[in-house]
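Asks: Here it is, the structure in full.
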Amino acid sequence: MKRVFCVLTALLHDQKIAVPSMAKLVSDFKQWKFKNPPNYADLPIDESPEYNVPVAVKNAVFSKVPTEPLQGKLHLVCASDEGLTDILDLDPKVSETEEFISFVAGNYAPEGTLSVSHRYGGYQFGVWADQLGDGRAHILGEYVNSKGESWQPQLKGSGETPYSRFGDGRAVLRSSIREMVASEACHHLGIPTTRAAALVVSDDHKVWRDKTYSGRARQEKAAIVVRLAPAWYRIGSFEILHKRKEPDLEKILADFIIKNHFPQINVSDEDRYVKLYTEVAHRNLDMVATWQGLGFTHGVLNTDNISLLGLTIDYGPYGFIDHYNEHYVPNTSDDIGRYAFNKQPEIILWNLEKFAEALQPILSEEHKKKINEIHKTLEGYVREKVMKTYLIKLGLEQIQDGDESLVKDLLQLMQQTTSDFTATFRQLAEIDREHLLDNEVLDKNWSLTKTSKAAGWEKWVQKYKDRLEKENVSEQLRRSRMLKVNPLYVPRNWILQEAIADAENNDFHKVRLLLKIFKEPYEINEEAEELGYSAQPPSWSYGLKLSCSS
């Protein structure tokens, strides 16, 4: 079966994914509109007028909820030119207009708007948390662009919903910047992800947040980000229906998702739910393999944060590894390291077990057995995907005997010497293999020189050279392959923190610069170099703390 997101395709950048649109871009936002009605209007929508009162919603996939606009003086923090042009058919100049800023702030509804919040549940840190849902997010409508792609713009931070669980429905500027930048950066790094179009902040609309959960809450600026995805369904979308014993609605939702988002599956096929499970499983495992290859750690892999489309979703206390540690945990709320970097494939497998469990009411006994047999193959599948990802990073293609130890040994050398994950692989790509034991050359590469201090370095280099010769990989080919998949720049937390600090004083230059730099993370950028974005992280960066508070 053809996979929509193949890790090899995602990592190899021989071909650019963007396809230039022949349609004229919309320059007057008042002329831009949604498809009417959106496809999700075919699903049950609860229309209780008490939209901002927390309630256990029943027999519905969505709740009809109006947005609650940001108040006060508004600023456009940034916009993604590609998100606007390639997805929404909008001229980037539109982002500076009053109508567009009002749209992002939740105060302007284009023609065809149907504002809803999605109902779902989830296991949080391994414990069933019951109803969760979009507690501060509104899907606004469905937009079918000039390429025939269907996208659902969603506001995050746009007010209370029935799923707010006594929260205020808002998002703060720091978390919104992190999501905005990471969404676009991950896309250009080759990670399957939701996208982001624009971010607006208010000078005057403040919310209280206890950033470190220490009892010292402070006021922060409220912000709203426009997120983009073909759909927002999660494993938790089925879990809540399973737990609430709504099998008829489960069947309706499954058939709807297959029809609208998995066209390769015949909706009349008796095995369609088995095929849905298979597709969801492989897409998510392909996705996590790209994470492992780029040192990305999501931070909160609860089942409600796992997209059925295999997209990275809900950026919170994520992190890209600086000095390599397989047990890296970016989220201070994760006391036991459940979602550590090295456990991510294992956790995705656990979450897929919960997805299979949620589907049980609509499966025949034969289908249950088939899904169980498929699940048994998934651990081997993801292990191979991760191994292929690392081999590509080393300029290799074919899995051969001894490759597991080749990769494992390098990672252990990096961990022993606290070498930087991103920089070590990049510098391996930049140095001729014959110079990997040359101290004079190594000393010019700040991370690789650390790795080379490990006792097993010479042995590993020889093993690596032998492996390259075994596959007959020329030096030119090796370096060409590696430079395409080992980035110079990733959204490290310290880089984001500097941009956030400036933005909190209404200086948005660095946020906008990051969007520009991360469009081409594999290419040298002079401004990024001047700011030290590929250099050794500053010492203060290792003390950064991230939590779920946003």
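The values are calculated or read from the model by the stated rules, or taken from the named source; none is laboratory data. Here the structure is a predicted model, which is why all the values come from computation and not from measurement. Quick reminder, even Gly has a Cβ in these numbers, built from the backbone with ideal geometry, and neighbours come from all protein chains shown. Note: accessible area is taken over every heavy atom of the protein model, side chains too, but ligands, DNA and RNA are not part of it. Shrake-Rupley method; radii C 1.70, N 1.55, O 1.52, S 1.80 Å.
Asks: Determine the pairs where a residue that is open to solvent by 10 Å² or more (accessible area, probe 1.4 Å) and assigned to a helix (DSSP H, G or I), located within region 253-266, has a partner that is modelled with pLDDT of 95 or more and not β-branched (Val, Ile, Thr) with Cβ atoms under 7 Å apart, the partner being 6 or more residues away or on another chain.
Replies: Going by the 7 Å Cβ cut-off, the qualifying pairs are Phe256/Asp42; Phe256/Leu43; Asn260/Asn39; His261/Pro230; His261/Ala231; His261/Leu309.
Asks: Filter region 315-370 down to the residues that are assigned to a helix (DSSP H, G or I) and acidic (Asp, Glu), then identify the one that is surrounded by the fewest Cβ atoms within 10 Å (Cβ to Cβ).
Replies: For region 315-370, the residue satisfying everything is Glu365.
Asks: So, in region 409-423, how many residues would count as being touching a residue at least 40 places away in the same chain (Cβ under 8 Å), surrounded by fewer than 22 Cβ atoms within 10 Å (Cβ to Cβ) and either within 23 Å of the chain's Cα centre (by Cα) or assigned to a loop (DSSP other than H, G, I, E, B) (or both)?
Replies: 1
Asks: If the requirement is being touching a helix residue (DSSP H, G or I) at 6+ places or on another chain (Cβ under 9 Å), open to solvent by 10 Å² or more (accessible area, probe 1.4 Å) and touching a residue at least 24 places away in the same chain (Cβ under 8 Å), which of these qualifies: Glu99, Glu160? Break it down into steps so the answer makes sense when it comes.
Replies: On the way: Glu160 fails: touching a helix residue (DSSP H, G or I) at 6+ places or on another chain (Cβ under 9 Å).
Result: Glu99 is the single residue among Glu99, Glu160 that is touching a helix residue (DSSP H, G or I) at 6+ places or on another chain (Cβ under 9 Å), open to solvent by 10 Å² or more (accessible area, probe 1.4 Å) and touching a residue at least 24 places away in the same chain (Cβ under 8 Å).
Asks: Can you tell which of Leu428, Leu488, Leu406 is crowded, with 18+ Cβ neighbours inside 10 Å, within 20 Å of Lys385 (Cα to Cα), at pLDDT 95 or above and under 29 Å from the mean Cα position of the chain (by Cα)? Even if it seems obvious, please write down each step before you answer.
Replies: On the way: Leu428 fails: within 20 Å of Lys385 (Cα to Cα); Leu488 fails: within 20 Å of Lys385 (Cα to Cα).
Criteria check complete, one pass: Leu406.
Asks: Let me ask something additional. Suppose we keep only residues that are more than 23 Å from Val490 (Cβ to Cβ) and among the basic types (Lys, Arg) within region 267-314. Which one would you say is least open to solvent (accessible area, probe 1.4 Å)?
Replies: Among those that are more than 23 Å from Val490 (Cβ to Cβ) and among the basic types (Lys, Arg), it is Arg272.
Asks: Give the residues of region 107-132 that are in contact with a strand residue (DSSP E or B) (Cβ under 8 Å, 6 or more places away or on another chain) and open to solvent by 10 Å² or more (accessible area, probe 1.4 Å), sorted by residue number. Let's see the steps before the verdict.
Replies: Step one: list which residues in region 107-132 are in contact with a strand residue (DSSP E or B) (Cβ under 8 Å, 6 or more places away or on another chain), which gives 112, 114-123, 128-132.
Correct list: Gly112, Leu114, Ser115, Tyr120, Tyr123, Trp128, Ala129, Asp130, Gln131.
Asks: Search region 424-452 for residues that are under 22 Å from Gly293 (Cα atoms) and of a type outside the set (D, E, K, R) and pair each with any residue that is assigned to a helix (DSSP H, G or I) and open to solvent by 70 Å² or more (accessible area, probe 1.4 Å) when their beta-carbon atoms are under 7 Å apart and the residues are at least 6 apart or on different chains.
Replies: Partner pairs satisfying both residue conditions: Ala429/Arg479.
Asks: Write out, first by first residue and then by second, each pair whose Cβ atoms fall under 7 Å of each other, whose residues are 6+ apart or on separate chains, and whose first residue, in region 234-245, is at negative phi and in contact (Cβ under 8 Å) with a residue 24 or more places away in the chain while the second is part of a helix (DSSP H, G or I) and acidic (Asp, Glu).
Replies: Once the first residue is at negative phi and in contact (Cβ under 8 Å) with a residue 24 or more places away in the chain and sits in region 234-245, its partners that are part of a helix (DSSP H, G or I) and acidic (Asp, Glu) give Arg234/Asp304; Gly236/Asp304; Phe238/Glu250; Leu241/Glu250; His242/Glu250.
Asks: So Ser474 clears everything in (1) closer than 25 Å to Lys545 by Cβ; (2) over 24 Å from the mean Cα position of the chain (by Cα); (3) open to solvent by 50 Å² or more (accessible area, probe 1.4 Å) except one condition, right? Which one?
Replies: (1)
Asks: Among the residues of region 208-252, what is the count of those that are under 27 Å from Ala109 (Cα atoms), under 17 Å from the mean Cα position of the chain (by Cα) and not in a strand (DSSP E or B)?
Replies: Summing the residues that are under 27 Å from Ala109 (Cα atoms), under 17 Å from the mean Cα position of the chain (by Cα) and not in a strand (DSSP E or B) in region 208-252 gives 4.
Asks: May I pose another question? Looking at region 220-249, which of the residues that are surrounded by fewer than 23 Cβ atoms within 10 Å (Cβ to Cβ) and among the acidic types (Asp, Glu) is farthest from Asp130 (Cα to Cα)?
Replies: Applying the filter and picking the extreme gives Glu220.
Asks: Do any residues in region 20-31 that are on the phi > 0 side of the Ramachandran plot have Cβ atoms under 8 Å from those of residues that are of a type in the set (S, T, N, Q) and at pLDDT below 95, where the two are at least six apart or on different chains, and which pairs are they?
Replies: Qualifying pairs under 8 Å: none.
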